[in-house]
Structure formats: structure tokens, C-alpha cells
Amino acid sequence: MRRPHTRLKMFTTVVTAVVALLFGTGTGATAVQAPTIRGGTLLYAATGAQCVVGFNAVSGINRYAVMVGHCSGTYTTTWYADAARTLPVGVTAGASYPIDDYGVVRYTTSALVLPGDIALGGVYQDVTGAANPAVGQSVCHVGRTSGVHCGTVTAVNATVNHADGTVHGLFRSTACSEPGDAGAPAYSGSIALGFAVGSSGNCASGGVTYYQPVAEVLSVFGLSLY
């Protein structure tokens, strides 16, 4: 059955007003460093949501952030680089939740640094591509709360029931997570596998983590990692 999703809006308009806000104009203006957004970066929505970027992706001249759908929401909203919501960086361009659990943000500001790697707490993991996970494969993820944890893929095409709907097509691993780790990029070496959308247990007593496969999202929206 075809899964419902909102179509990606391929806008090409660039918000240039932010350039002046970031860098300043006129005599005596003080330059401000352009925000860097990569896998593991937290973005702030006009709705009040705070969501982690799983991976940066590209299609043509446009660049995108791929993240968790139950965090991003399935409606269009503006996203910001800062908690005060003064530096707009993009808009929601597509999402699916429940059934799937992903959202896609199209970057609309030219004054951004958008590397394709993942932040691992002071070091960076290069990403060279994406693949579907396989049972028995090693996988690591980096959560904002608990940091880097690794384990083994134990199931694919897993289903998780939430109060607001059921999500299908997830994969599960033995890597533990803590509250606040949702959205954690998951990878095997330099290959992106997905991003954390739920878990059970914790890192003290042991647990499992569920992920949305990123290859599905890239296929739906015609995106590539870089």
C-alpha cells in the first residue's frame, strides 16, 4: 500500500534578508559567523518544537534536513538555528506521521554552512551514502542526551504502536537510548542507516532503539546524502 505523504515543495527562492542579519551591513557592522548545521544539530520550529537533524541531503540546487516526523509535524512551519528563534534557516517541505516517522526541512537561507557529516561530540563522522539495514549489521547512533552508543540490528520492518497512531517499517537495534535522544543519526561506518524515533529501557539497565530508515525518505523525496 502506498504510504501517504505531503509532496516536497521545490521552492528556489532564497531568503536573503538573513544575510544582513547574520553578517551585518554598513560602516562599523560586526560580522557574525554563519550557523553550521549538520547531523545531530538541534533546530527550533516556530511551533515551539525542537528537533534534531538526522542528516543533511541534497536535490539539485536545494539542500534539506531529514528528521523525525513526530517531532517536526506534518504541517508547514519555519525553522530557526537558535532557541530565541531569530535566525530562520528553512521551512518544512514534507512529512509523514504516523505510518512513517519522518520530516524534511528545506533550507531557505544562503548564509549557512551545511556539511554532510555527523557531529559526535567534538569529532565528526563522514557520511558517504545510505543503505537499508540488515539483521546482524553493526550500528551506532549519537543521541543529544546520552552520546554515542553502538549495537547490532536485531529486526527490520518492525512496527511500533503509539497513542496517536502506528508506525511501520522501522528497524531495531540493541544500542541503548535515553529520553531526549530522539532524532539521533544512526550509521554503520560511513553509511547512514536511519535516525532514532523511539526506544525502550535505558542505558543503565539496557534497552533497545527503533529507527526510521533514511533510505526510504531519500527515495520518497528524490534526495541524496553527500
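Evaluated against (1) touching a Lys or Arg at 6+ places or on another chain (Cβ under 7 Å); (2) small (Gly, Ala, Ser); (3) at pLDDT below 95, Gly94 falls short on exactly one condition, (3). Of all residues in region 130-143, count the ones that are under 15 Å from the mean Cα position of the chain (by Cα) and exposed (fewer than 13 other Cβ atoms within 10 Å of the Cβ). Matching residues across region 130-143 total 0. Looking across Thr166, Thr152, one residue alone is of a type in the set (Ser, Thr, Tyr), more than 19 Å from the chain's Cα centre (by Cα), open to solvent by less than 70 Å² (accessible area, probe 1.4 Å) and farther than 19 Å from Tyr102 by Cβ. It is Thr152. Does region 199-211 contain at least one residue that is part of a loop (DSSP other than H, G, I, E, B) and buried (at least 24 other Cβ atoms within 10 Å of the Cβ)? No, region 199-211 has no match at all. All of Gly26, Gly69, Gly54 fail the test of being at pLDDT below 95 and either more than 17 Å from Tyr102 (Cβ to Cβ) or not aromatic (Phe, Trp, Tyr) (or both), apart from Gly26. Listed by position, the strands (runs of 3 or more DSSP E) contained in region 50-164 that have at least 3 residues being farther than 22 Å from Leu223 by Cα and touching a residue at least 24 places away in the same chain (Cβ under 8 Å) are 138-143, 147-162. Within region 35-46, the only residue that satisfies the criterion of being assigned to a strand (DSSP E or B), crowded, with 16+ Cβ neighbours inside 10 Å and over 13 Å from the mean Cα position of the chain (by Cα) is Ala45. Return the residues of region 172-197 that are assigned to a strand (DSSP E or B) and more than 14 Å from Gly54 (Cβ to Cβ); say none if nothing qualifies. Passing the criteria: Arg172, Ser173, Ser188. Restricting Ala93, Ala49 to those that are open to solvent by less than 50 Å² (accessible area, probe 1.4 Å), under 16 Å from the mean Cα position of the chain (by Cα) and either β-branched (Val, Ile, Thr) or farther than 21 Å from Ser224 by Cβ (or both) reduces the list to Ala49.
The values are calculated or read from the model by the stated rules, or taken from the named source; none is laboratory data. Model, not experiment: these values are computed from the prediction. Every residue, glycine among them, receives a Cβ derived from its backbone with ideal geometry; neighbour counts consider all protein chains shown. Keep in mind that these areas ignore ligands, DNA and RNA; they rest on the heavy atoms of the full protein, side chains included. Shrake-Rupley method; radii C 1.70, N 1.55, O 1.52, S 1.80 Å.
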